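**Student:** Below is one structure. I have some questions about it.
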Amino acid sequence: MRNGVGLGVVAVALLLALVCEAGLAQMGPRYVIDAAAGADVGGPARGSVQLAGKGLALIRFRGLRVLAVGADADAYSAESVRDWPAADLVLVTPANVGRYDGLAPLAALRRLPVILVEPSDSATVPPLPASDDGPRYYPMQTWDALHLRKGRSQDKTWLRVTAVPGRPGTAHVAGFVLEMGNRQTSYRLYVSCEALGADDIDGLSRRLPGADLALLPARDGPMLLPLRRVQTGEPSALTTAGYPFSAIRR
């Protein structure tokens, strides 16, 4: 009897170990990217968010450049993409008002990583094309993560992008949390895929504990809402002058 109990305990322990191992595997990033290091990587842990065109927001941090664009923005077109600022990564949020030119505007982004919300089976978005010289697509579902590293040796700048849902009970991707950092500090920016009402804006800091700033789509252009230590507030328009920020020691 005692041998049987002992074998049962071993079996349960083995099962738990396998479950934990599977869980840890799922917690890892879906994608990992090493970006080419530039001369401007390093220095103080400061950055900015800047209006870079109609519907374009350029996020900078220690030599890292992320371009966020709405798929229904005026700047999302094959004609305008040539004027987009240089970036290490492009984040495309879904169209909110129905205007969408598919993936055609992105074709000119040679070998540039592009994050998209992964289409569902019923989506009308065409399959992502494969091209040696075209953009590198990284479709993401809820809780998928992408890790990007830029720099050399111990002074790397890193970026973690996580696709997150909206209100409790929802499963679709409502936005992306971008955490940028170095070895000591980091900054967390939420890029919303959805235009939010007043109630959703008021509860955003509670829904995203630990986020420092939110970038929200709006009809007249992207809006910014500080979230750290703020429970309620009014978003303000993102401008070409930009919004400076400093990374925080966690």
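**Student:** Regarding the stretch 31-246, what are the three Cα extents along the principal axes, ordered largest first, in Å?
**Tutor:** Over the stretch 31-246, Cα extents along the principal axes are 45, 43, 32 Å.
**Student:** Another question about this same structure. Under 14 Å from the Cβ of Ala218, count the other residues' Cβ atoms, weight Lys and Arg +1, Asp and Glu -1, and hand me the total.
**Tutor:** Around Ala218, the charge tally is -4.
**Student:** Using the Karplus equation 6.51 cos²θ - 1.76 cosθ + 1.60 (θ = phi - 60°), what ³J(HN,Hα) coupling, rounded to whole Hz, does each residue of the stretch 161-166 give in order, writing x for Gly and Pro?
**Tutor:** Once rounded to whole Hz, the list reads 10, 10, 7, 10, x, x.
**Student:** Counting Lys and Arg as +1 and Asp and Glu as -1, what is the net charge of the other residues whose Cβ lies under 12 Å from the Cβ of Ala163?
**Tutor:** With Lys, Arg at +1 and Asp, Glu at -1, the net is 0.
Here, each number is a calculation from the coordinates, and none is a lab measurement. The model shown is predicted, which means the values in this text are computed figures rather than measured ones. Glycine gets a Cβ as well: all are built from the backbone with ideal geometry, and neighbour counts include every protein chain shown.
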